[in-house]
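Contents: one structure, followed by commentary.
The values are calculated or read from the model by the stated rules, or taken from the named source; none is laboratory data. This structure is a prediction, so every number in the text was calculated from the model and none was measured. Here the Cβ positions follow ideal geometry from the backbone for every residue, glycine too, while neighbour counts run over all protein chains shown.
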Amino acid sequence: MTFGERLRRLREERGVSLAELARATNYSKSYLSRVETGARHGTEALAACCAEALGADVALLGPVGGPVGGPAGDPAGDPAGSPVGDRGGAGRAGDGPVPVQLPPAPGVFAGREAALAELGSALAAVRPRWGEGGPRIWVVDGMGGVGKTALAVHWAHRVRSRFPDGVLFGDLAGHGSSGAPREPGEVLDGFLRALGVAAELIPPRPADRSALLRTLLAERRVLLVLDNAAAPAQVRPLLPGSPGCLVLVTSRTRMAGLVARDGARRVTLGPLPEEAAVEVLRRTLGTGRVDADPPAARELVRLCGRLPLALLVAAERAVSRPGVTLARVNEELRSGRDRLRVLAAADDGDSALRVVFSWSYRALAPEPARAFRLFALHPGAALTADTAAALLGTTAANAWELLNLLADVHLMEVDAAERFRLHSLLQVYGRELAEAEDSARDRTAALDRLYDWYRQAADAAGRLLEPGGRAVVAHPLPGVRPPVFDSYEDAVAWCETHLPDLLSVIRYAASAGRPPAAWQLPFALWSFFHRRHHRAEWLNAARIAVAAAADSADPQALTVSLVLLGTAQVHAGRPGEAEVHLRSALARCAAGAAGGADAEIECAARNNLAELMLRQGRATEALELLAPALALSRATGYRWVERVTLTNLGDASLRLGRFADAERLLLEALLLRSGSGDHHAEGLALLHLGTVHRVRGRLPQALGCLRRALELHRVAGDRWAQGRTLEQLGHACAAADGQVEAVPLWREALEVMTETGDPRAEVLAERLRGPGTALPARLPAGRAQGRSVTRRG
């Protein structure tokens, strides 16, 4: 008997119609019918859903049947086999990656049966449709250390198979000591990338990112776990609109707004029941040791306030000393009258945990004890061997040993491969110890080394992303060993991996009154933000830089930061604000407010303001801005900005029909670019030069320049420039050989321009529109991306 036949027999035995089963499982009726008749194969996820809906053991359905056009259990072989499979391709599980971002399940978990059952009701299959007639947002709230995240992750692992389109996990950093909570736009960026959205297609505005997430999840079944939320406003932009998705939020607040306005259901966690807390000890210490002295075990549970985190730390203390009885552990808890009073206050989780944490801390040797205190100063709480080494002023190898030692005694957690994290309460405790035991000078020096490590690394990455740029900061501080990148790809990978930490450091430096780090670090990341389309992050960091620079004693700080912010606004499609800030920077340069770097900063401001003018069709104004920039760049010897200025001057001259001037300027720019390794800049100059050759009738030269430009832009991964080059190459081919070779190039150009939001897509579509083209009536217009200048130094 096939899987489909067994499914039909079980369904009929239960008296459930095909339509009722479809509503209960959220699979289409037509798909279920084809499975039962053998026209389509089933999947393991389908079997699990049907068994739950029919109230039967999944074993009754037997193995999933063989393939019809694909291997058994492979949804890709049957596009209709996804949940809501007949509603359109966008929602099918087989389209794009299926992210599963859950952290590892907690090693010890007990005593949350009631909460798990309550969460399980979110999956009840008795509703007319998935999500209708019941909430799709659940909030797990409770005090710090009560086990909210452990419950959420444990339950999410249990129900993963119910969400065939993936699980998204985001730490919102809502409560802790690392500064402000994460911006929704940052979290949305990570979710969109996990769902397969290319970096250049992610909108800059959080509202547009939120809309794109809702579109992608419209007909998918995805579980979103939003951990450690601060407020409903932080969560709402992350909510899908689809009834097929479920959102699980954890927070120390009650999230009343989500309950009242968004229909969320709340699961409030209190301390563990006593028996469950004893079971945690039993699973950690072993049954024999706990059952040997049940009264002592129960007393330890009570002294720990029945908080899971406190219990685990206390148990580790006992595990590390096998010969010590639980009664002896309890005596240590009672050794200080004041501490005992705090620890016994089960409704004060922060105070209770300080005593428990002190057990592990007091057992440390001086070196790891100092490491724990200084690690707690890290703004983002997540550490690698390199960042830990910077805080300590030691080698990465030594820092790695100390991280692992602290993880062994549960004073740190293993966050991911080669990354460690301090629990937020442990971080508070560690900072209190640092303030009590380390001098202000030592704490300041540790943070200065950390800030410098990030600045040096970001600057080194930026100089690989944009060859020819000058260093933002001077030589590393003593004890700082920044990473060395061997390739462009290594630099990009480092920036992407460390982006959350970098943003945390920028925010913390600003709030802690450290202007140099708060403005120099965003500036060092300029090229990364630009090349990788992190527009929202660029804007946020630039705004922080401007605010911090206003308090800086460095005369360059505010002028440079205004250029940074104005350029970010150019690329975010905010031309009015961009012009205001770039002109403000120029005014400061004219007044000598940038100190000895006036000329270099002025070159950057003029070039980026000229780029804005060129985007708006104001080529004459752009030319007027750029002429002084060329003289300034030559006077300062800053050849990289001279090359960029020549390219922009050539572009402006081309737009004004001054072809001889454009050709001269672009050839000069290409000569200066020789050997720089900046494929992006060389490709733009060749694009403009190829266009000059084309309009002057030099078709062989035009084809050579444009084909080489296309190669360089593909190597650099610049999709916007690829679209423009394909368009011009099509024009050149049309002039040389007619339309035969041009049309495929224009079609590819139209695809790329539509993808990047280039406003020229509509113009090109009109050229191609005709019988048999099957082009849409209109295409969305967007913002182009041009050549920016980074004043690095």
Qualifying residue in segment 703-717 (condition: without any contact (Cβ under 8 Å) to a residue 24 or more places away in the chain, part of a helix (DSSP H, G or I), under 18 Å from Ala660 (Cα atoms) and more than 38 Å from the chain's Cα centre (by Cα)): no
Of all residues in segment 628-657 being over 40 Å from the mean Cα position of the chain (by Cα) and closer than 19 Å to Gln616 by Cβ, the one that is surrounded by the most Cβ atoms within 10 Å (Cβ to Cβ): Ser653
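Yes or no: Leu609 in contact with a helix residue (DSSP H, G or I) (Cβ under 6 Å, 6 or more places away or on another chain), farther than 10 Å from Thr559 by Cβ and either at pLDDT below 95 or loosely packed, with under 15 Cβ neighbours inside 10 Å (or both)? Can you show your working first?
On the way: in contact with a helix residue (DSSP H, G or I) (Cβ under 6 Å, 6 or more places away or on another chain): yes; farther than 10 Å from Thr559 by Cβ: yes; either at pLDDT below 95 or loosely packed, with under 15 Cβ neighbours inside 10 Å (or both): no.
Here the answer is no, as Leu609 does not meet what is asked.
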Residues within segment 303-323 that are surrounded by fewer than 21 Cβ atoms within 10 Å (Cβ to Cβ) and part of a loop (DSSP other than H, G, I, E, B), tallied: 4
Odd one out for Glu44, checked against (1) farther than 14 Å from Pro164 by Cβ; (2) surrounded by fewer than 18 Cβ atoms within 10 Å (Cβ to Cβ); (3) at pLDDT below 80: (1)
Count of residues meeting criterion [under 16 Å from Ala622 (Cα atoms) and either β-branched (Val, Ile, Thr) or surrounded by fewer than 20 Cβ atoms within 10 Å (Cβ to Cβ) (or both)] in segment 660-699: 1
Scan of segment 167-197 for residues that are touching a residue at least 24 places away in the same chain (Cβ under 8 Å) and either part of a helix (DSSP H, G or I) or farther than 25 Å from Asp141 by Cβ (or both), ordered by number: Pro184, Gly185, Glu186, Val187, Leu188, Asp189, Phe191, Leu192, Ala194, Leu195, Gly196
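Is it true that some residue in segment 215-224 is closer than 21 Å to Gly144 by Cα, of a type in the set (Val, Ile, Thr), crowded, with 21+ Cβ neighbours inside 10 Å and touching a residue at least 12 places away in the same chain (Cβ under 8 Å)?
In the first step, residues of segment 215-224 are kept if they are closer than 21 Å to Gly144 by Cα; the result is none.
Looking through segment 215-224, none of the residues is closer than 21 Å to Gly144 by Cα, of a type in the set (Val, Ile, Thr), crowded, with 21+ Cβ neighbours inside 10 Å and touching a residue at least 12 places away in the same chain (Cβ under 8 Å).
Sort through Ala385, Ala436 and tell me the only one that's exposed (fewer than 15 other Cβ atoms within 10 Å of the Cβ), at pLDDT 85 or above and not aromatic (Phe, Trp, Tyr).
Values: Ala385 fails: exposed (fewer than 15 other Cβ atoms within 10 Å of the Cβ).
Of the residues listed, the single one that is exposed (fewer than 15 other Cβ atoms within 10 Å of the Cβ), at pLDDT 85 or above and not aromatic (Phe, Trp, Tyr) is Ala436.
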Residue match in segment 388-402 (condition: within 26 Å of Thr149 (Cα to Cα), outside any helix (DSSP H, G or I), out of contact with any Pro (no Cβ under 6 Å at 6 or more places or on another chain) and not assigned by TED's automatic domain parsing to the domain that holds Asp227): no
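Anything in segment 271-291 that is touching a Phe, Trp or Tyr at 6+ places or on another chain (Cβ under 9 Å) and closer than 14 Å to Cys304 by Cβ? List them, or say none. Can you show your working first?
Within segment 271-291, the first condition is being touching a Phe, Trp or Tyr at 6+ places or on another chain (Cβ under 9 Å), and the residues that meet it are 280, 283.
Scanning segment 271-291 gives a single hit, Val280.
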Selection count where residues are under 26 Å from the mean Cα position of the chain (by Cα) and either assigned to a helix (DSSP H, G or I) or surrounded by 18 or more Cβ atoms within 10 Å (Cβ to Cβ) (or both), scope segment 416-433: 9
Some residue of segment 9-31 being under 18 Å from Ala59 (Cα atoms), β-branched (Val, Ile, Thr) and either at pLDDT 85 or above or more than 36 Å from the chain's Cα centre (by Cα) (or both): no
Of the criteria (1) assigned to a helix (DSSP H, G or I); (2) buried (at least 24 other Cβ atoms within 10 Å of the Cβ), which one Pro744 fails: (2)
Condition met for Ala211 (in contact with a strand residue (DSSP E or B) (Cβ under 7 Å, 6 or more places away or on another chain), over 15 Å from Gly166 (Cα atoms) and among the small types (Gly, Ala, Ser)): no
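List the helices (runs of 4 or more DSSP H) that sit entirely inside segment 224-294 and contain at least 2 residues that are under 26 Å from Leu123 (Cβ atoms) and more than 29 Å from the chain's Cα centre (by Cα).
Values: elements: 232-235, 256-262, 274-285, 287-291.
Fully inside segment 224-294 and qualifying: 274-285.
Collect the residues in segment 277-302 that are in contact (Cβ under 8 Å) with a residue 60 or more places away in the chain and buried (at least 17 other Cβ atoms within 10 Å of the Cβ), keeping them in residue-number order. Spell out how you get there, then give the answer.
Restricting attention to segment 277-302, the residues satisfying the condition of being in contact (Cβ under 8 Å) with a residue 60 or more places away in the chain are 277, 279-280, 283-284.
Ala277, Glu279, Val280, Thr284 - these are the residues of segment 277-302 that are in contact (Cβ under 8 Å) with a residue 60 or more places away in the chain and buried (at least 17 other Cβ atoms within 10 Å of the Cβ).
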Thr215 being β-branched (Val, Ile, Thr) and at pLDDT below 90: no
Unique residue being under 23 Å from Ala122 (Cβ atoms) and touching a Gly at 6+ places or on another chain (Cβ under 7 Å) when the list is Gly174, Gly142, Gly166: Gly142
Filter result (within 21 Å of Gly462 (Cβ to Cβ) and either without any contact (Cβ under 8 Å) to a residue 24 or more places away in the chain or among the small types (Gly, Ala, Ser) (or both)) within segment 547-577: Ala548, Ala549, Ser552, Ala557, Ser561, Gly566, Ala568, Ala572
